[in-house]
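S.K.: Encoded as structure tokens, here's the structure I'll be asking about.
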Amino acid sequence: MTILGIETSCDETAAAVVSSQNNQLKLLSNVVATSLQMHQKTGGVVPEVAARAQLESILPVITKALEEAGLALKDIDKLAVTFGPGLVGPLLVGVETVKALGLVLNKPIVPVNHLLGHIFINMLEPTIVDRLSTIDFPLIALIVSGGHTDLICMNKDYSYKWLGGTRDDAAGEAFDKVARLLDLGFPGGPAIEKIAKEGLPAGRQGNPNAILFPRPMINSGDFDFSFSGLKTAVLNVIQSTNYELQATSSKADIAASFQQAVIDVLVAKTLKAAQEYEVGQIIIGGGVAANEELRKQLKTNCQKMGIKLAYPSKSLSTDNGAMVATAAFFLDKVVSPLEIQATPGLYF
Ligand code: KG4
Ligand code: ZN
């Protein structure tokens, strides 16, 4: 079985080919084009600009993914596409392209929920911690992206229960907004991680304990999150005289302290979910899962508690086509081309 996965929910136009051989999934190609540079001027994704960029990139990206896999469209058994959640214009580009391909080639289509893609990518390429080679079920999945922060408990048959999510800003959104406050550009996550680690100017690491930011909802007793108050707390510090006086070195301290506050909440709630649901496996996915400090601290805490942890490689944590193709192997849902609809507000 060979699946072509297509992802166009935001500012990445991505296509990948995943094949199953001897019961193992193999990534044959993975091509990502991004309109990120266009959004750097505006400090965030402008939906209309992203949609136009999707249109320009979609056919070259699909062609390249097939070429790199050494395959032609006729060799593909199923087409998989993200149908939501995301921005309507960008989503439509992927969905309508796949619809046309499905109709012309008479191939089945698997509609994929982007959020499940961020979970299932761990089944393609688990970065194995503690010498363990498989993913165990039931498991707790933490999805941390630009638009979502969710905790899910998933069973062996891939049925799942949503445990909680953010009530306001997503974790990635908070990184992006705080980076904007610190004048670090877009996307904010990698920029904050970099100056926290390297300092600004480079040489003196940011101190994660320099400022004690709030850990929102850390003891709320449920699995919900809230990050917008944390962003306001950062703004208050930036507006203080102290920050103005020593702007450059303070930036790294603010970045490191903010990052630590987010990590503390994510780690505490994820481990609490693992305990409460008595699972021995945690997986993470989504752009913020690329954060090295989050991976490291989650790993240390999981090891203490005897819980397995898996996460995708950094490039497969952010949006890509491989997550869509991989999810399609596990989701038992095939639709005819005219049945699939872009669904921006799709959730769990
Ligand atoms: O999953 P993703 O690529 O797109 C969405 O589905 O939203 O996630 C993008 C988000 C952005 O908010 C970006 O700032 C954040 O992931 N991100 C990071 C890192 N790399 C990307 N956040 C923290 N640390 C990183 N290294
Ligand atoms: Zn995503």
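S.K.: Hey, among the residues in region 170-207 that are basic (Lys, Arg) and within 18 Å of GLU293 (Cα to Cα), which one's nearest to ligand 2 (Cβ to nearest atom)? If you could, list the steps in order and put the result at the bottom.
M.R.: Taking region 170-207 first, the residues basic (Lys, Arg) are 177, 180, 194, 197, 204.
From what is left, the residues that are within 18 Å of GLU293 (Cα to Cα) are 194, 197, 204.
Values: LYS194: 20, LYS197: 23, ARG204: 33 Å.
Among those that are basic (Lys, Arg) and within 18 Å of GLU293 (Cα to Cα), it is LYS194.
S.K.: Given the criterion of a type outside the set (S, T, N, Q), surrounded by fewer than 21 Cβ atoms within 10 Å (Cβ to Cβ) and at negative phi, identify the matching residue among LEU79, LEU101. Talk me through it step by step, then tell me what you get.
M.R.: Details: LEU79 fails: surrounded by fewer than 21 Cβ atoms within 10 Å (Cβ to Cβ).
After ruling out the rest, the residue left standing is LEU101.
S.K.: Residue check: is LEU230 without any contact (Cβ under 8 Å) to a residue 40 or more places away in the chain, buried (at least 17 other Cβ atoms within 10 Å of the Cβ) and within 30 Å of LEU139 (Cβ to Cβ)? Please lay out each step first, then the result.
M.R.: Numbers: without any contact (Cβ under 8 Å) to a residue 40 or more places away in the chain: no; buried (at least 17 other Cβ atoms within 10 Å of the Cβ): yes; within 30 Å of LEU139 (Cβ to Cβ): yes.
In short, no.
S.K.: Let me ask something else. Being crowded, with 17+ Cβ neighbours inside 10 Å and either among the acidic types (Asp, Glu) or over 18 Å from LEU346 (Cα atoms) (or both) is the requirement here; does THR134 meet it? So that I can check it myself, show each step before the final result.
M.R.: Values: crowded, with 17+ Cβ neighbours inside 10 Å: no; either among the acidic types (Asp, Glu) or over 18 Å from LEU346 (Cα atoms) (or both): yes.
No.
S.K.: Looking at region 299-314, which of the residues that are touching a residue at least 40 places away in the same chain (Cβ under 8 Å) and within 16 Å of ligand 2 (Cβ to nearest atom) is surrounded by the most Cβ atoms within 10 Å (Cβ to Cβ)? Break it down stepwise before answering.
M.R.: From region 299-314, those touching a residue at least 40 places away in the same chain (Cβ under 8 Å) are 299, 302-303, 308-313; that's our starting set.
Cutting the leftovers down to within 16 Å of ligand 2 (Cβ to nearest atom) gives us 311-313.
Working: TYR311: 25, PRO312: 27, SER313: 12.
Here the answer is PRO312.
S.K.: It is to be established whether one or more residues within region 327-336 are more than 30 Å from GLY94 (Cβ to Cβ) and touching a Leu at 6+ places or on another chain (Cβ under 8 Å).
M.R.: Looking only at region 327-336, we keep the residues that are more than 30 Å from GLY94 (Cβ to Cβ), and these are none.
No.
S.K.: So, in region 251-298, of the ones that are without any contact (Cβ under 8 Å) to a residue 24 or more places away in the chain and within 21 Å of ILE192 (Cα to Cα), which residue ends up farthest from the chain's Cα centre (by Cα)?
M.R.: So the residue we want is LYS296.
S.K.: Out of the residues in region 148-157 that are outside any strand (DSSP E or B) and either modelled with pLDDT under 95 or in contact with a Ser or Thr (Cβ under 8 Å, 6 or more places away or on another chain) (or both), state the one that is nearest to ligand 1 (Cβ to nearest atom).
M.R.: Filtering first and then ranking leaves HIS148.
S.K.: Moving to a separate point now. Among what's in region 210-227 and is touching a residue at least 60 places away in the same chain (Cβ under 8 Å) and out of contact with any helix residue (DSSP H, G or I) (no Cβ under 7 Å at 6 or more places or on another chain), pick the residue that is nearest to ASP168 (Cα to Cα).
M.R.: Initially, region 210-227 is screened for residues touching a residue at least 60 places away in the same chain (Cβ under 8 Å), giving 223-227.
If we keep only those that are out of contact with any helix residue (DSSP H, G or I) (no Cβ under 7 Å at 6 or more places or on another chain) too, we end up with 224, 226.
Numbers: ASP224: 10, SER226: 6 Å.
Among those that are touching a residue at least 60 places away in the same chain (Cβ under 8 Å) and out of contact with any helix residue (DSSP H, G or I) (no Cβ under 7 Å at 6 or more places or on another chain), it is SER226.
S.K.: Going by the structure shown, is GLN260 modelled with pLDDT of 95 or more, among the polar types (S, T, N, Q) and within 16 Å of ligand 1 (Cβ to nearest atom)?
M.R.: On the way: modelled with pLDDT of 95 or more: yes; among the polar types (S, T, N, Q): yes; within 16 Å of ligand 1 (Cβ to nearest atom): yes.
Here the answer is yes, as GLN260 does meet what is asked.
S.K.: For residues that are more than 10 Å from ligand 1 (Cβ to nearest atom), part of a helix (DSSP H, G or I) and basic (Lys, Arg), tally how many sit in region 158-191.
M.R.: Total satisfying the criteria: 1.
S.K.: Let me ask another. Restricting to region 98-116, what's the tally of residues that are assigned to a helix (DSSP H, G or I) and within 16 Å of LYS74 (Cα to Cα)? Before the answer, list the steps.
M.R.: So in region 98-116, the residues assigned to a helix (DSSP H, G or I) come out as 98-105, 114-116.
With the extra rule that they be within 16 Å of LYS74 (Cα to Cα), the set shrinks to 98-105.
Going through region 98-116 one residue at a time, the tally reaches 8.
S.K.: For THR34, state whether it is within 16 Å of ligand 2 (Cβ to nearest atom), hydroxyl-bearing (Ser, Thr, Tyr) and more than 12 Å from GLY94 (Cα to Cα). Talk me through it step by step, then tell me what you get.
M.R.: Details: within 16 Å of ligand 2 (Cβ to nearest atom): yes; hydroxyl-bearing (Ser, Thr, Tyr): yes; more than 12 Å from GLY94 (Cα to Cα): yes.
Considered against the rule, which asks whether it is within 16 Å of ligand 2 (Cβ to nearest atom), hydroxyl-bearing (Ser, Thr, Tyr) and more than 12 Å from GLY94 (Cα to Cα), THR34 comes out as yes.
S.K.: Among (1) surrounded by fewer than 24 Cβ atoms within 10 Å (Cβ to Cβ); (2) in a helix (DSSP H, G or I), where does GLU278 come up short?
M.R.: Condition (2) is where GLU278 drops out.
S.K.: Now a separate question. Which residue is nearest to ALA342 (Cα to Cα), if the candidates are limited to region 7-45 and must be within 15 Å of ligand 1 (Cβ to nearest atom) and of a type in the set (A, V, I, L, M)?
M.R.: Across region 7-45, the extreme among qualifying residues is ALA14.
S.K.: Identify the residue in region 1-36 that is of a type in the set (Ser, Thr, Tyr) and not in a strand (DSSP E or B) and, among all such residues, is surrounded by the most Cβ atoms within 10 Å (Cβ to Cβ).
M.R.: Our first condition is that a residue be of a type in the set (Ser, Thr, Tyr); within region 1-36, this holds for 2, 8-9, 13, 19-20, 29, 34-35.
With the extra rule that they be not in a strand (DSSP E or B), the set shrinks to 8-9, 35.
Working: THR8: 36, SER9: 32, SER35: 22.
The extreme case among them is THR8.
S.K.: Would you confirm whether any residue within region 124-140 is modelled with pLDDT of 95 or more, within 16 Å of ligand 2 (Cβ to nearest atom) and in contact with a Phe, Trp or Tyr (Cβ under 7 Å, 6 or more places away or on another chain)?
M.R.: There is no residue in region 124-140 that is modelled with pLDDT of 95 or more, within 16 Å of ligand 2 (Cβ to nearest atom) and in contact with a Phe, Trp or Tyr (Cβ under 7 Å, 6 or more places away or on another chain).
S.K.: Taking region 149-168 only, how many residues are surrounded by 23 or more Cβ atoms within 10 Å (Cβ to Cβ) and either closer than 19 Å to ALA256 by Cα or not hydrophobic (A, V, I, L, M, F, W, C) (or both)?
M.R.: Looking only at region 149-168, we keep the residues that are surrounded by 23 or more Cβ atoms within 10 Å (Cβ to Cβ), and these are 149-151.
From the residues that got through so far, the ones that are either closer than 19 Å to ALA256 by Cα or not hydrophobic (A, V, I, L, M, F, W, C) (or both) too are 149-150.
Matching residues across region 149-168 total 2.
The values are calculated or read from the model by the stated rules, or taken from the named source; none is laboratory data. Since we're looking at a predicted model, the values are computed, not measured. Ideal geometry is used to build each Cβ from the backbone, glycine not excepted, and the neighbour counts take in all protein chains shown.
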